[in-house]
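Chemist: Can you read through this structure? Questions will come right after.
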Amino acid sequence: MKKLIIEKSKLVDNIDKLRSITNTPIIATLKNNGYGLGLDEFPKILEQNGIEFFAVATIEEAIKLRENGITAKIMMLHSTAIESDLLTLLNYEIIPTIGSFEALYVLDKISKENNVPLYAQLKIDTGFGRFGFLPEDMEKLINELKSHPNIGIIGTFSHFSCAFNEKSNYTDKQFNIFNKCVSKLTDAGIEPGIRHICNSSAFLTKLHMHLDTSRIGSALVGRILVQNALGLNKIGYMISAIEDIKMLPINSYVGYSNTYKTKFETKIGIVPVGYLDGLELKKGQDCFDLLGTLREIYSKIKSLNKKIYVEINNKNVPIIGKIGTNNIVIDLTDVDAKVGDIVKLDVNPMMVRPDIERVFE
Ligand SMILES: *Cc1c(COP(=O)(O)O)cnc(C)c1O
(Lines give C-alpha, C1' and ligand atoms only; values in the text may rest on other atoms or scores of the structure.)
Protein backbone atom coordinates (compact mmCIF):
# COMPACT_ATOMS: atom_id res chain seq x y z
CA MET A 1 0.00 0.00 0.00
CA LYS A 2 1.18 3.48 -0.75
CA LYS A 3 -0.54 6.81 -1.17
CA LEU A 4 0.49 10.41 -1.56
CA ILE A 5 -1.26 12.50 1.07
CA ILE A 6 -1.94 16.17 0.40
CA GLU A 7 -3.11 18.31 3.30
CA LYS A 8 -5.61 20.81 1.94
CA SER A 9 -5.37 23.23 4.85
CA LYS A 10 -1.59 23.55 4.37
CA LEU A 11 -2.07 24.15 0.68
CA VAL A 12 -4.63 26.88 1.32
CA ASP A 13 -2.28 28.40 3.90
CA ASN A 14 0.48 28.54 1.24
CA ILE A 15 -1.87 30.30 -1.19
CA ASP A 16 -2.77 32.85 1.50
CA LYS A 17 0.88 33.44 2.39
CA LEU A 18 1.84 33.97 -1.26
CA ARG A 19 -1.07 36.33 -1.73
CA SER A 20 -0.04 38.33 1.33
CA ILE A 21 3.11 39.67 -0.37
CA THR A 22 1.58 40.89 -3.60
CA ASN A 23 -1.20 43.07 -4.94
CA THR A 24 -1.24 41.25 -8.26
CA PRO A 25 -3.03 38.05 -9.21
CA ILE A 26 -1.17 34.73 -9.46
CA ILE A 27 -0.99 32.37 -12.41
CA ALA A 28 -0.74 28.88 -10.94
CA THR A 29 1.77 26.91 -12.99
CA LEU A 30 0.71 23.29 -13.20
CA LYS A 31 3.42 21.58 -15.19
CA ASN A 32 4.74 18.10 -14.31
CA ASN A 33 1.32 16.80 -13.35
CA GLY A 34 0.71 19.89 -11.24
CA TYR A 35 4.08 19.53 -9.45
CA GLY A 36 2.94 16.03 -8.59
CA LEU A 37 -0.37 16.96 -6.96
CA GLY A 38 -2.37 15.96 -10.02
CA LEU A 39 -4.60 17.92 -12.37
CA ASP A 40 -8.01 17.28 -10.83
CA GLU A 41 -8.45 18.25 -7.18
CA PHE A 42 -5.41 20.50 -7.03
CA PRO A 43 -6.60 23.05 -9.63
CA LYS A 44 -10.08 22.95 -8.09
CA ILE A 45 -8.68 23.87 -4.68
CA LEU A 46 -6.71 26.66 -6.33
CA GLU A 47 -9.86 27.92 -8.06
CA GLN A 48 -11.85 27.80 -4.82
CA ASN A 49 -9.16 29.96 -3.28
CA GLY A 50 -9.22 32.70 -5.83
CA ILE A 51 -6.76 31.56 -8.49
CA GLU A 52 -8.32 32.25 -11.87
CA PHE A 53 -5.48 31.60 -14.28
CA PHE A 54 -3.37 28.49 -14.94
CA ALA A 55 -0.26 27.77 -16.98
CA VAL A 56 0.82 24.45 -18.46
CA ALA A 57 3.89 23.15 -20.24
CA THR A 58 2.25 20.57 -22.49
CA ILE A 59 -0.87 20.29 -24.61
CA GLU A 60 -1.76 17.07 -22.78
CA GLU A 61 -1.85 18.91 -19.45
CA ALA A 62 -4.04 21.62 -20.94
CA ILE A 63 -6.53 19.10 -22.33
CA LYS A 64 -6.63 17.20 -19.05
CA LEU A 65 -7.50 20.40 -17.18
CA ARG A 66 -10.36 21.14 -19.59
CA GLU A 67 -11.59 17.53 -19.38
CA ASN A 68 -11.54 17.81 -15.59
CA GLY A 69 -13.93 20.72 -15.84
CA ILE A 70 -11.55 23.64 -15.40
CA THR A 71 -13.05 26.64 -17.20
CA ALA A 72 -10.54 29.24 -16.00
CA LYS A 73 -8.02 30.89 -18.28
CA ILE A 74 -5.15 28.58 -19.23
CA MET A 75 -1.95 29.67 -20.92
CA MET A 76 0.67 27.60 -22.66
CA LEU A 77 4.19 28.34 -21.39
CA HIS A 78 5.98 27.29 -24.55
CA SER A 79 5.91 28.73 -28.01
CA THR A 80 4.99 26.28 -30.74
CA ALA A 81 5.07 26.67 -34.51
CA ILE A 82 3.42 23.29 -35.14
CA GLU A 83 0.12 24.05 -36.83
CA SER A 84 -1.78 21.03 -35.51
CA ASP A 85 -0.65 21.83 -31.96
CA LEU A 86 -1.77 25.44 -32.28
CA LEU A 87 -5.15 24.25 -33.61
CA THR A 88 -5.56 21.91 -30.63
CA LEU A 89 -4.72 24.71 -28.20
CA LEU A 90 -7.25 27.02 -29.83
CA ASN A 91 -9.93 24.33 -29.85
CA TYR A 92 -9.56 23.94 -26.09
CA GLU A 93 -9.41 27.71 -25.58
CA ILE A 94 -5.84 27.66 -24.34
CA ILE A 95 -3.91 30.93 -24.79
CA PRO A 96 -1.00 30.16 -27.11
CA THR A 97 2.47 31.64 -26.82
CA ILE A 98 4.34 33.09 -29.76
CA GLY A 99 8.09 33.08 -29.36
CA SER A 100 9.23 33.10 -32.98
CA PHE A 101 8.29 34.57 -36.33
CA GLU A 102 7.58 31.03 -37.50
CA ALA A 103 4.96 30.62 -34.76
CA LEU A 104 3.50 34.04 -35.58
CA TYR A 105 3.09 33.16 -39.27
CA VAL A 106 1.40 29.85 -38.49
CA LEU A 107 -1.04 31.55 -36.12
CA ASP A 108 -1.69 34.18 -38.81
CA LYS A 109 -2.42 31.42 -41.33
CA ILE A 110 -4.96 29.80 -38.99
CA SER A 111 -6.54 33.16 -38.29
CA LYS A 112 -6.93 33.97 -41.99
CA GLU A 113 -8.17 30.52 -42.97
CA ASN A 114 -10.87 30.69 -40.31
CA ASN A 115 -11.51 34.37 -40.76
CA VAL A 116 -11.26 35.10 -37.02
CA PRO A 117 -8.91 37.27 -35.00
CA LEU A 118 -6.69 35.22 -32.68
CA TYR A 119 -5.07 36.14 -29.38
CA ALA A 120 -1.70 35.09 -28.01
CA GLN A 121 1.03 36.04 -25.58
CA LEU A 122 4.51 37.07 -26.67
CA LYS A 123 7.48 35.37 -25.13
CA ILE A 124 10.73 37.31 -24.93
CA ASP A 125 14.06 35.53 -24.57
CA THR A 126 15.88 37.78 -22.09
CA GLY A 127 18.75 35.36 -21.65
CA PHE A 128 17.36 31.89 -21.05
CA GLY A 129 18.23 30.82 -24.58
CA ARG A 130 15.14 28.75 -25.20
CA PHE A 131 11.72 30.01 -26.28
CA GLY A 132 11.12 33.63 -27.20
CA PHE A 133 11.99 36.58 -29.40
CA LEU A 134 15.45 38.00 -28.81
CA PRO A 135 15.80 41.71 -27.91
CA GLU A 136 17.32 42.31 -31.33
CA ASP A 137 14.15 40.91 -32.95
CA MET A 138 11.97 43.70 -31.54
CA GLU A 139 11.96 46.06 -34.53
CA LYS A 140 11.04 43.26 -36.91
CA LEU A 141 8.48 41.95 -34.43
CA ILE A 142 6.85 45.37 -34.15
CA ASN A 143 6.56 45.62 -37.93
CA GLU A 144 5.13 42.13 -38.22
CA LEU A 145 2.58 42.76 -35.45
CA LYS A 146 1.53 46.01 -37.15
CA SER A 147 1.00 44.21 -40.42
CA HIS A 148 -0.98 41.41 -38.71
CA PRO A 149 -3.81 43.22 -36.90
CA ASN A 150 -5.70 39.92 -36.87
CA ILE A 151 -3.29 38.71 -34.13
CA GLY A 152 -4.03 40.33 -30.77
CA ILE A 153 -1.38 40.40 -28.04
CA ILE A 154 -2.88 39.86 -24.59
CA GLY A 155 0.32 39.29 -22.64
CA THR A 156 4.10 39.57 -22.81
CA PHE A 157 6.40 37.49 -20.65
CA SER A 158 9.84 36.07 -20.10
CA HIS A 159 11.48 33.45 -17.89
CA PHE A 160 14.43 33.69 -15.47
CA SER A 161 17.22 31.14 -15.62
CA CYS A 162 18.89 31.67 -12.21
CA ALA A 163 16.31 33.29 -9.94
CA PHE A 164 17.00 30.74 -7.19
CA ASN A 165 20.58 32.02 -6.99
CA GLU A 166 20.21 35.17 -4.91
CA LYS A 167 23.88 36.10 -5.31
CA SER A 168 23.68 36.29 -9.11
CA ASN A 169 22.76 39.60 -10.74
CA TYR A 170 21.63 37.80 -13.89
CA THR A 171 18.01 38.06 -12.79
CA ASP A 172 18.28 41.87 -12.62
CA LYS A 173 19.87 41.89 -16.07
CA GLN A 174 17.04 39.79 -17.50
CA PHE A 175 14.47 42.03 -15.84
CA ASN A 176 16.04 45.16 -17.38
CA ILE A 177 16.14 43.58 -20.83
CA PHE A 178 12.49 42.60 -20.49
CA ASN A 179 11.44 46.12 -19.51
CA LYS A 180 13.35 47.58 -22.47
CA CYS A 181 11.61 45.18 -24.87
CA VAL A 182 8.21 46.07 -23.41
CA SER A 183 8.98 49.80 -23.74
CA LYS A 184 9.85 49.31 -27.39
CA LEU A 185 6.45 47.71 -27.93
CA THR A 186 4.54 50.46 -26.13
CA ASP A 187 6.57 53.22 -27.80
CA ALA A 188 5.55 51.72 -31.13
CA GLY A 189 1.90 51.76 -30.09
CA ILE A 190 1.61 48.03 -29.39
CA GLU A 191 -0.01 47.18 -26.08
CA PRO A 192 1.92 44.32 -24.39
CA GLY A 193 -1.10 43.08 -22.42
CA ILE A 194 -0.33 41.56 -19.01
CA ARG A 195 3.39 41.58 -18.29
CA HIS A 196 4.90 38.78 -16.23
CA ILE A 197 8.35 37.41 -15.54
CA CYS A 198 8.50 36.02 -11.96
CA ASN A 199 8.64 32.34 -11.13
CA SER A 200 8.49 31.31 -7.45
CA SER A 201 12.06 32.22 -6.51
CA ALA A 202 11.87 35.68 -8.06
CA PHE A 203 8.37 36.25 -6.70
CA LEU A 204 9.60 35.56 -3.15
CA THR A 205 12.83 37.52 -3.32
CA LYS A 206 12.22 40.38 -5.81
CA LEU A 207 8.94 42.01 -4.92
CA HIS A 208 9.53 44.90 -7.33
CA MET A 209 9.45 42.45 -10.25
CA HIS A 210 5.85 41.32 -9.75
CA LEU A 211 4.59 43.48 -12.67
CA ASP A 212 0.99 42.51 -13.59
CA THR A 213 1.08 38.85 -12.52
CA SER A 214 3.53 36.03 -11.67
CA ARG A 215 3.74 32.38 -12.67
CA ILE A 216 3.99 30.36 -9.46
CA GLY A 217 4.58 26.63 -9.25
CA SER A 218 7.00 25.27 -6.67
CA ALA A 219 6.07 27.85 -4.00
CA LEU A 220 2.49 26.56 -4.00
CA VAL A 221 3.79 23.18 -2.88
CA GLY A 222 6.35 24.79 -0.55
CA ARG A 223 9.34 23.17 -2.20
CA ILE A 224 11.57 26.08 -3.09
CA LEU A 225 15.27 26.69 -3.55
CA VAL A 226 15.38 30.12 -1.90
CA GLN A 227 15.11 30.89 1.80
CA ASN A 228 11.63 30.08 3.06
CA ALA A 229 11.05 33.41 4.79
CA LEU A 230 7.27 33.17 4.36
CA GLY A 231 7.18 29.83 6.17
CA LEU A 232 5.54 27.97 3.29
CA ASN A 233 4.41 24.44 4.13
CA LYS A 234 5.99 21.55 2.28
CA ILE A 235 3.05 19.83 0.65
CA GLY A 236 2.84 16.09 0.18
CA TYR A 237 4.06 13.05 2.05
CA MET A 238 3.76 9.38 1.32
CA ILE A 239 2.23 6.74 3.52
CA SER A 240 2.87 3.05 3.29
CA ALA A 241 2.87 0.17 5.76
CA ILE A 242 5.39 -2.21 7.32
CA GLU A 243 5.16 -5.24 5.07
CA ASP A 244 7.31 -7.64 7.03
CA ILE A 245 9.47 -7.78 10.18
CA LYS A 246 12.36 -10.01 11.13
CA MET A 247 15.45 -10.28 13.36
CA LEU A 248 18.88 -10.04 11.74
CA PRO A 249 21.90 -11.36 13.64
CA ILE A 250 24.87 -9.13 14.52
CA ASN A 251 27.30 -8.42 11.64
CA SER A 252 24.70 -8.92 8.89
CA TYR A 253 24.87 -6.78 5.78
CA VAL A 254 21.74 -4.94 4.71
CA GLY A 255 20.88 -4.13 1.10
CA TYR A 256 22.77 -3.71 -2.16
CA SER A 257 26.53 -3.11 -2.06
CA ASN A 258 26.79 -4.09 1.61
CA THR A 259 26.92 -0.49 2.74
CA TYR A 260 25.43 -1.27 6.16
CA LYS A 261 26.38 -3.91 8.70
CA THR A 262 24.40 -4.53 11.89
CA LYS A 263 26.28 -3.73 15.08
CA PHE A 264 23.81 -5.65 17.23
CA GLU A 265 21.08 -8.13 16.72
CA THR A 266 18.63 -5.90 14.85
CA LYS A 267 14.89 -5.96 14.39
CA ILE A 268 14.27 -4.82 10.83
CA GLY A 269 11.11 -3.80 9.06
CA ILE A 270 10.60 -3.82 5.31
CA VAL A 271 8.55 -1.12 3.61
CA PRO A 272 7.51 -1.44 -0.06
CA VAL A 273 8.60 2.04 -1.12
CA GLY A 274 11.77 2.91 -3.01
CA TYR A 275 13.34 5.04 -5.69
CA LEU A 276 10.60 4.14 -8.14
CA ASP A 277 8.15 5.87 -5.84
CA GLY A 278 10.19 9.05 -5.74
CA LEU A 279 11.91 8.44 -2.43
CA GLU A 280 14.97 10.69 -2.03
CA LEU A 281 14.82 11.78 -5.65
CA LYS A 282 15.62 15.43 -6.04
CA LYS A 283 15.58 17.82 -8.93
CA GLY A 284 19.13 19.05 -9.45
CA GLN A 285 19.92 22.74 -9.44
CA ASP A 286 20.31 24.17 -12.89
CA CYS A 287 22.96 26.85 -12.37
CA PHE A 288 26.19 25.05 -13.13
CA ASP A 289 28.79 27.65 -12.32
CA LEU A 290 31.82 26.22 -10.56
CA LEU A 291 30.61 27.18 -7.08
CA GLY A 292 27.16 25.69 -7.70
CA THR A 293 28.72 22.46 -8.92
CA LEU A 294 31.00 22.27 -5.89
CA ARG A 295 28.02 22.88 -3.62
CA GLU A 296 26.13 20.01 -5.29
CA ILE A 297 29.09 17.68 -4.85
CA TYR A 298 29.50 18.76 -1.22
CA SER A 299 25.85 18.15 -0.43
CA LYS A 300 26.03 14.74 -2.16
CA ILE A 301 29.04 13.78 -0.04
CA LYS A 302 27.32 15.02 3.09
CA SER A 303 24.22 13.04 2.25
CA LEU A 304 26.24 9.83 1.89
CA ASN A 305 26.46 9.57 5.65
CA LYS A 306 23.20 11.29 6.38
CA LYS A 307 20.63 9.12 8.07
CA ILE A 308 17.23 9.25 6.44
CA TYR A 309 14.25 8.75 8.68
CA VAL A 310 10.68 7.62 8.22
CA GLU A 311 7.96 8.16 10.78
CA ILE A 312 6.08 5.38 12.57
CA ASN A 313 3.62 6.05 15.40
CA ASN A 314 5.04 9.60 15.69
CA LYS A 315 8.60 8.30 16.08
CA ASN A 316 11.53 8.82 13.70
CA VAL A 317 12.91 5.51 12.48
CA PRO A 318 16.12 5.31 10.41
CA ILE A 319 16.42 3.69 7.01
CA ILE A 320 19.42 1.31 6.98
CA GLY A 321 21.33 0.20 3.89
CA LYS A 322 20.73 1.62 0.45
CA ILE A 323 17.30 2.62 -0.74
CA GLY A 324 16.16 -0.03 -3.21
CA THR A 325 14.10 0.36 -6.32
CA ASN A 326 10.97 -0.93 -4.60
CA ASN A 327 11.87 -1.37 -0.93
CA ILE A 328 13.56 0.12 2.08
CA VAL A 329 14.75 -1.57 5.25
CA ILE A 330 14.23 0.26 8.54
CA ASP A 331 15.69 -0.34 11.98
CA LEU A 332 12.85 -1.16 14.39
CA THR A 333 15.05 -2.17 17.30
CA ASP A 334 13.98 0.74 19.50
CA VAL A 335 10.42 0.99 18.27
CA ASP A 336 7.24 -0.69 19.30
CA ALA A 337 5.98 -1.52 15.80
CA LYS A 338 4.18 -4.38 14.12
CA VAL A 339 3.38 -5.54 10.61
CA GLY A 340 0.78 -3.28 9.02
CA ASP A 341 1.74 -0.17 10.99
CA ILE A 342 1.60 2.99 8.92
CA VAL A 343 4.90 4.47 7.75
CA LYS A 344 5.11 8.13 6.83
CA LEU A 345 7.82 9.30 4.39
CA ASP A 346 8.88 12.65 2.98
CA VAL A 347 8.81 12.72 -0.81
CA ASN A 348 8.71 15.46 -3.38
CA PRO A 349 5.31 14.87 -5.04
CA MET A 350 6.78 15.79 -8.42
CA MET A 351 8.94 12.67 -8.22
CA VAL A 352 6.00 10.40 -7.37
CA ARG A 353 4.65 8.39 -10.30
CA PRO A 354 1.27 9.71 -11.49
CA ASP A 355 -0.35 6.27 -11.06
CA ILE A 356 0.10 6.37 -7.28
CA GLU A 357 -3.11 7.48 -5.62
CA ARG A 358 -3.32 11.10 -4.44
CA VAL A 359 -5.47 11.61 -1.35
CA PHE A 360 -6.53 15.13 -0.39
CA GLU A 361 -7.48 15.43 3.27
C1 LIG B 1 8.11 26.17 -14.38
C2 LIG B 1 7.90 27.52 -14.86
C3 LIG B 1 7.42 28.49 -13.99
C4 LIG B 1 7.18 28.26 -12.52
O5 LIG B 1 8.41 28.01 -11.87
P6 LIG B 1 8.48 27.79 -10.27
O7 LIG B 1 9.87 28.12 -9.94
O8 LIG B 1 8.16 26.36 -10.03
O9 LIG B 1 7.50 28.69 -9.66
C10 LIG B 1 7.17 29.75 -14.53
N11 LIG B 1 7.38 30.01 -15.83
C12 LIG B 1 7.85 29.09 -16.70
C13 LIG B 1 8.07 29.45 -18.12
C14 LIG B 1 8.13 27.81 -16.25
O15 LIG B 1 8.58 26.89 -17.10
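The values are calculated or read from the model by the stated rules, or taken from the named source; none is laboratory data. Just so you know, these numbers come straight off a predicted model, no measurement behind them. All Cβ positions, even for glycine, are placed from backbone atoms using ideal geometry, and neighbour counts span all protein chains on display.
Chemist: Do you know which residues across the stretch 131-158 are exposed (fewer than 12 other Cβ atoms within 10 Å of the Cβ) and in contact with a Lys or Arg (Cβ under 9 Å, 6 or more places away or on another chain)?
Modeler: E139
Chemist: Can you find even one residue in the stretch 243-254 that is assigned to a loop (DSSP other than H, G, I, E, B) and touching a helix residue (DSSP H, G or I) at 6+ places or on another chain (Cβ under 8 Å)?
Modeler: No: zero hits.
Chemist: Is the stretch 98-110 home to any residue that is free of Cβ contacts under 8 Å to residues at least 24 places away in the same chain, surrounded by 22 or more Cβ atoms within 10 Å (Cβ to Cβ) and not aliphatic (A, V, I, L, M)?
Modeler: no
Chemist: Something else about it: Would you check which residues across the stretch 206-225 are modelled with pLDDT of 95 or more, within 14 Å of the ligand (Cβ to nearest atom) and of a type outside the set (K, R) and list them?
Modeler: Selection gives M209, H210, L211, T213, S214, I216, G217, S218, A219, L220, V221, G222.
Chemist: Next question. Scan the stretch 112-125 and give yes if some residue there is touching a strand residue (DSSP E or B) at 6+ places or on another chain (Cβ under 6 Å) and among the charged types (D, E, K, R), otherwise no.
Modeler: yes
Chemist: Considering each residue of the stretch 260-284, count those that are surrounded by fewer than 15 Cβ atoms within 10 Å (Cβ to Cβ) and at pLDDT 90 or above, and give that number.
Modeler: Number of matching residues: 4.
Chemist: Quick one: N228 ticks every box in (1) modelled with pLDDT under 95; (2) crowded, with 17+ Cβ neighbours inside 10 Å; (3) closer than 27 Å to H159 by Cα except a single one, so which number is it?
Modeler: Exception for N228: condition (2).
Chemist: Taking the conditions exactly as written (over 19 Å from G236 (Cβ atoms), within 15 Å of the ligand (Cβ to nearest atom), modelled with pLDDT of 95 or more and not aliphatic (A, V, I, L, M)), does T29 satisfy them or not?
Modeler: no
Chemist: Then there is this: Looking only at helices (runs of 4 or more DSSP H) that fall completely inside the stretch 91-199, which ones have 1 or more residues that are at pLDDT 95 or above, more than 16 Å from the ligand (Cβ to nearest atom) and in contact with a Gly (Cβ under 9 Å, 6 or more places away or on another chain)?
Modeler: It comes to 138-146, 170-187.
Chemist: A further question on this structure: Is it fair to say E67 is within 15 Å of the ligand (Cβ to nearest atom), over 22 Å from T126 (Cβ atoms) and not aliphatic (A, V, I, L, M)?
Modeler: No, not satisfied.
Chemist: Among the candidates D125, D108, which residue alone is within 21 Å of A57 (Cα to Cα) and in the same structural domain as A62 (by TED's automatic domain parsing)?
Modeler: D125
Chemist: Continuing with this model, one more query. Among all residue pairs at least 6 apart or on different chains, which show Cβ distances below 6 Å where the first residue, located in the stretch 11-33, is over 13 Å from G217 (Cβ atoms) and in contact (Cβ under 8 Å) with a residue 12 or more places away in the chain and the second is among the small types (G, A, S) and within 15 Å of the ligand (Cβ to nearest atom)?
Modeler: none
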